[in-house]
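Structure, as structure tokens:
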Amino acid sequence: MTAATVTTPSSPHVMNTYGRLPIALSHGQGCRVWDVNGKEYLDALGGIAVNTLGHNHPQLVPALQDQLTKLIHTSNYYHIPLQEDLAKLLVERSGMSNVFFCSTGLEANEAALKLARKFGHDKGIERPEVVVYEKAFHGRSIATLSATGNPKVQAGFGPLVEGFIRVPVNNIAALKAATEGNPNVVAVFFEAIQGEGGVNPMHMDYLRDVRALCDQRDWLLMIDEVQCGMGRTGKWFAHQWAGIKPDVMPLAKGLGSGVPVGAVVVGPKAATIFQPGNHGSTFGGNPLSMRAGVETIRIMEAEGLLANAEKVGAHLKAGLEAALKAEIANGGVKEVRGQGLMMGVDLSKPCGALVQRAADAGLLISVTADSVVRLVPPLILSVAEADEIVAILAPLIAAFLKETA
Ligand SMILES: *Cc1c(COP(=O)(O)O)cnc(C)c1O
């Protein structure tokens, strides 16, 4: 293709809220996508941990086409049987008890925060406070950006919502000290593996200690699994590796394999806090989105995608560690971390430039927390595709570290 025929996309009428790459994608198949100029990419970003089943999945697409001809949307004025179907699937897989449906991650987290506040009010706590974490990301509404532990997300949007206490991750002593003698605490709220914050896992011991503390103090344990949930780590939900259950679990991203679906799954302690009139969402739980969620879970099970995420994720991690051995030894790469197909390569310096370089080389990735290359591909990724990610990415990282040394 000659340079003259290559289209560089622009969006003059769309509000300028994203630092976009000069790429417009036109279609995809499996873990591959093609741009409007016909260039092929291996998709290691999966729409930011959204495209669970990859692109143009042969079972998902016909199911959605079937649903389009029946009902796209009704209203929560009526029962929506597909909501009950998806709720049952989520309840069985989480061991929890009930579900509220919405459309996005921040909306799920807003519902969680409202649950925490009403849990407090129901107990006579007038000014409930929620413990949140450094480097957390919970969304971009006013309440969820207030819960987020990133000054860049908050800058320009004050006054922030009050009622949050911030603590460092994986430090039970700090959590106890920050809440000592405070009768207004109602909940502890965190991601089992921080996504936007740089792929930072909560330690298994810490998860168990926080669960015990929440039981002791009658707090809600609220685990944001919007990014790390839905099979990404090799279990349905990342906290399940620690053998615990939260009281409140927001979900979104991978739940509809690309169709917007959000959910708040709750256990018995939070199941009856909301009563009719307390909360709602016009689009939440509509038939199209519910069908996407139901089919996503069924297809994941039929194809063994939890086991695949665990196996291919471990292979990817080992491959990256082997290919980046020299860079790990000399400190250019601090760590390859994560679980299943949620992987971060933590570099010693800001590396946002790698995103374009990887795209040029035919690989879609992201860089988060300035210096962490994040890989959250579709859960259908094969071992061969994982090898391809390593073969493209590792030399790019090595070259970048060398030239910026
Ligand atoms: C992406 C994300 C959100 C926000 O989800 P949106 O759908 O963009 O509102 C919230 N929490 C976590 C952990 C996320 O990764």
- Note on the structure: Residue separation between Val383 and Ile48 times 0.36 nm, minus their alpha-carbon distance, gives in nm 118.6 nm
- Task: Taking 7 Å along the Cα-to-C-beta vector as the label spot, tell me the Tyr78-Asn150 distance in nanometres, rounded to one decimal.
- Result: 4.0
- 222 nm [θ] for the chain, helices only, -39500 (n - 2.57) per DSSP H run of 4+, per residue, to 500? -11000 deg cm²/dmol
- Any idea how far apart Arg20 and Ala322 come out in nm if each label point goes 7 Å out from Cα toward Cβ? 3.9
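May I ask you to work out the translational diffusion coefficient for the range 71-302 at 37 °C, viscosity 0.692 mPa s, via Stokes-Einstein with Rh from the Kirkwood sum over Cα pairs, reported in whole µm²/s?
D = 186 µm²/s.
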- Percent relative contact order for the range 71-302, counting Cα pairs under 8 Å at least six residues apart, stands at 29
- Message: Only Cα pairs within less than 10 Å get springs; with that Gaussian network setup on the chain, which residue of Met96, Met15, Met249 has the largest fluctuation?
- Response: Met15
- Message: For the chain, give me the percentage of DSSP beta bridges that are antiparallel, rounded to the nearest 5 percent.
- Response: 70
- For the chain, with a Gaussian network of springs between Cα atoms less than 10 Å apart, report the residue from Thr233, Thr17, Thr104 with the top mean-square fluctuation. Thr17
- Item | the chain - convex hull of the alpha-carbon atoms, volume per residue in Å³ | 159
- Extension gain from Asn171 to Glu303, taking 0.36 nm per residue of separation minus the Cα-Cα distance: 43.7 nm
- Cβ under 14 Å from Val99's Cβ, Val99 left aside: what net charge do those residues give with Lys, Arg +1 and Asp, Glu -1? -4
- Leaving out same-chain residues fewer than 8 places away, which lysines sit with a Cα under 18 Å from that of Lys325? Lys317, Lys334, Lys349, Lys402
- Message: What FRET efficiency comes out for Thr404 versus Phe157 if R0 is 45 angstrom and r is the Cβ-Cβ distance? Round to the nearest 0.05.
- Response: 0.85
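Quick check on my link table: of Lys269/Lys311; Lys88/Lys114; Lys88/Lys253; Lys88/Lys235, which ones sit more than 26 Å apart, alpha carbon to alpha carbon?
Where the Cα-Cα span goes over 26 Å, the pairs concerned are Lys269/Lys311.
Quick note: the coordinates plus some simple rules give every number you see, no bench work behind them. What you are looking at is a predicted structure, and each value in this text was computed from that prediction instead of being measured. Positions of Cβ are generated from backbone atoms using ideal geometry, with glycine treated the same way; all protein chains shown enter the neighbour counts.
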